[in-house]
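Engineer: Can you keep this structure in mind? I'll have questions shortly.
Bear in mind these aren't lab numbers, they're just calculated from the coordinates by the rules spelled out. In this text the structure is predicted, and so the values were computed from the model without any measurement. All Cβ positions, even for glycine, are placed from backbone atoms using ideal geometry, and neighbour counts span all protein chains on display.
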Amino acid sequence: MSKEKAKVLFLGTQGHKKLNCGQAIIGAFKEKFNVSDATLCEFAKYGGGKAPEGLCGALYAAQVILGKHPDKMKECEVVFLTFAGSAKCKDIRALKKLTCSGCVEKVAQCLEKI
C-alpha cells in the first residue's frame, strides 16, 4: 500500500532514508502517478513549512501530483482540512489536530483512492 510506503519514507524506517513530508508523498506515489525522480529531488526544499504559501508539504505534493485533476485535488483538500484544520504547515502545528506523520497519512489515503 502506498499509504504505508509514505509513512515508512517519512519516518525513515525499514532501511529507508528519512524524507520530508512532501518527498514521502512523491516517493510513495511516483509510480502510480508517473512522477519523475527530479520532482522527488526538488521536494527536498519543501519540508517544514517551506512549500509555496506555507502549505503543508504533503498537501503541496498532492497538488503537484493531481495538477491535471483539480476536482480530485478539491476532494483531497476538503478531507485534509477536516482533519488538519488548515492547509498551512505552521497553522496545523499550532492547532495540534494532526502530527506531520498524520498529514502524510491523510494525503496518502486520499491519493490511494484515486
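Engineer: Contour minus end-to-end for Phe83 and Glu42, with contour as 0.36 nm per residue of separation and end-to-end as the Cα-Cα distance?
Structural biologist: So the extension gain works out to 12.1 nm.
Engineer: State the Cα centre-to-centre distance between the stretch 80-112 and the stretch 6-24 in whole Å.
Structural biologist: 16
Engineer: Can you compute the charge dipole magnitude of the chain about its Cα centre, using +1 on each Lys and Arg Cβ and -1 on each Asp and Glu Cβ, nothing else charged? Give it in debye, rounded to the nearest 20.
Structural biologist: Using Cβ point charges on Lys, Arg, Asp and Glu, the chain gives about 280 debye.
Engineer: Return the long-range amide H neighbours of Leu55 (sequence gap of 5 or more, or a different chain), with a cut-off of under 5 Å between placed amide H atoms.
Structural biologist: Cys89
Engineer: Answer with a single label: of (i) 0.99; (ii) 0.95; (iii) 0.92, which was calculated as Rg/Rh (Cα atoms, Kirkwood Rh) from the structure in view?
Structural biologist: (iii)
Engineer: Output the relative contact order of the chain, whole-number percent, from Cα pairs under 8 angstrom with separation of 6+ residues.
Structural biologist: After rounding, I find 28 percent.
Engineer: For every helix of n ≥ 4 consecutive DSSP H residues, a contribution of -39,500 (n - 2.57) applies; sum these over the chain, divide by its total residues, and give [θ] at 222 nm rounded to the nearest 500 deg cm²/dmol.
Structural biologist: About -17500 deg cm²/dmol.
Engineer: Using the count of nearby Cβ atoms within 10 Å as a rough guide to exposure, how do Val8, Val107, Val78 rank from fewest to most?
Structural biologist: By the 10 Å Cβ count, ascending, the order reads Val78, Val8, Val107.
Engineer: Going 7 Å from the Cα of Glu53 in the Cα-to-Cβ direction, what parts of the stretch 72-98 have a backbone nitrogen less than 18 Å from that spot?
Structural biologist: Under 18 Å, as judged by backbone N against the label point of Glu53, lie 72-93 of the stretch 72-98.
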